[in-house]
Amino acid sequence: MAYPTIKILPGEDRRLRHGSPWLFSNELRMDADAKALPPGSLVRLMGPSGKILGVAQFNPHSLIAARLLTRNKDAEIERSFFTRRIARALALRERLVEAPHYRLVHAEADGLPGLVVDRFGDTLVVQLNTAGMNAMADLVVEALDEVVRPRAVIARNDSPARGLEGLESEVRLLKGEVGPQLELIENGLTFVADPMGGQKTGWFYDQRPNRLFAAQLAKGEAVLDVYSYCGGFALTAAAHGARAVTAVDSSAAALELAAESSARQGGAERCRFERAEAFAFLDRAAQDKRRFGVVIADPPAFVKSRKDLGAGLKGYRKLARMGAALVSEPGFLCLGCCSHHVSLEQFAAETWAGIREAGRGGRLIRTAGAGPDHPVHPALPETAYLKFLAYALD
């Protein structure tokens, strides 16, 4: 198939040659023909030497203008291409996770830039975050049908990334029917989620192994889970022997789902759910001299763009300081960061500074990222967005 050719400027093919799947607009010859291409067009990339380097999805209006699909210059991007990539992703998840509840496709790391698919048994929740994937939505759904045969497919096309691509926000059903809730199994526990109205796809599978680790610290302890959302950390701790659990979130709907999950798991008598803004709760708990053996805080991204970095780092330091002040002596503090703009080194430095400001000492006992169903593209640091630190405090 004769896809249009986009030329890479002299000296600007270094990152592509080193494995990156992205090319920015200032690395490409954005002539009149290139600018006239519809967002999401398939193109062939030509290096400065004249060699064709692969096939990409192209958006002339986006900062990330080209997203590489394959380095096979003769590839035709049709349903079979998506079928092969999704089948490869499925085989990996089936090897890694026992129950069919996981991130099935993790965008660039699975060779499908801009596509996220979370699996809830026989229901799939899809995010088409780029113009290229949005233009090929029908092929994506056909390939998912062929490989997974889902009962229902939901499009959660309401991420901020779509705005950067010039795409509208929407949530709609692409196939089948769904109720107001879906069940999922994580670490042997049954939870309920709302994929149509909850945050992102309805559940955050990325913290699966970190929830289990934190739960191992919780036996016999009072546990505080701030930014609890649907109770992933809190209820896993309760199931592993925490004597009391307090889950705090600003969303009443999320806490209702957490309470329902708790009832299904049989641990409701040890769980308390409180609607509150996180920092206000932490301040009030400090004034009341409350203490917890384990404090967990997994906030939404404090740094959503580079301009937010300074303020966001101060936020992580403040969170660590206020959380550490509530940890009993000895006890544990577990902190998460989901912003790819914050490096692990920056996150660790700010959280340790916050712990010291609280007058506490301790040791770092776990440094981790997302679970293996969220693979990292080795040449794309943005895919290693999640940081999780656990401290044993003195």
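The values are calculated or read from the model by the stated rules, or taken from the named source; none is laboratory data. What you see is a predicted model; the values in this text were computed from it and never measured. Counting neighbours? That spans all protein chains shown, and the Cβs are built from the backbone with ideal geometry, glycine included. Just so you know, the surface numbers come from the protein's heavy atoms only, side chains and all, with ligands and any DNA or RNA stripped out. Shrake-Rupley method; radii C 1.70, N 1.55, O 1.52, S 1.80 Å.
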Contour excess over end-to-end distance, with Cα ends at Ala2 and Lys318 and 0.36 nm allotted per residue: 108.3 nm
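Rolling a 1.4 Å sphere over the protein heavy atoms, what is the accessible area per residue of the stretch 76-143, to the nearest Å²? Intermediate results must be reported in sequence, preceding the final value.
Numbers: 2360 Å² over 68 residues.
Normalised by residue count, the accessible surface of the stretch 76-143 is 35 Å².
Expected output is a single nm value to one decimal: the length gained when fully extending between Glu168 and Lys51, i.e. 0.36 nm times separation in residues minus the C-alpha distance. What is it? All intermediate terms of the calculation are to be shown ahead of the outcome.
Values: separation 117, 0.36 × 117 = 42.12 nm, distance 3.58 nm.
Full-extension gain reported as 38.5 nm.
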Testing the spin-label approximation: label points 7 Å from Cα along Cα→Cβ at Arg290 and Arg88. State their distance in nm. 4.9
Count neighbours as other Cβ atoms within 10 Å of each site's Cβ, and list the trypsin sites (Lys or Arg not before Pro) in the stretch 247-303 that are DSSP loop with at most 13 such neighbours. Lys289
Mean residue ellipticity at 222 nm from the helices of the chain, using -39,500 (n - 2.57) per DSSP H segment of n ≥ 4 over the full residue count, to the nearest 500 deg cm²/dmol? -8500 deg cm²/dmol
Of the accessible area of the chain, with the probe set at 1.4 angstrom, what percent is carbon plus sulfur? 51
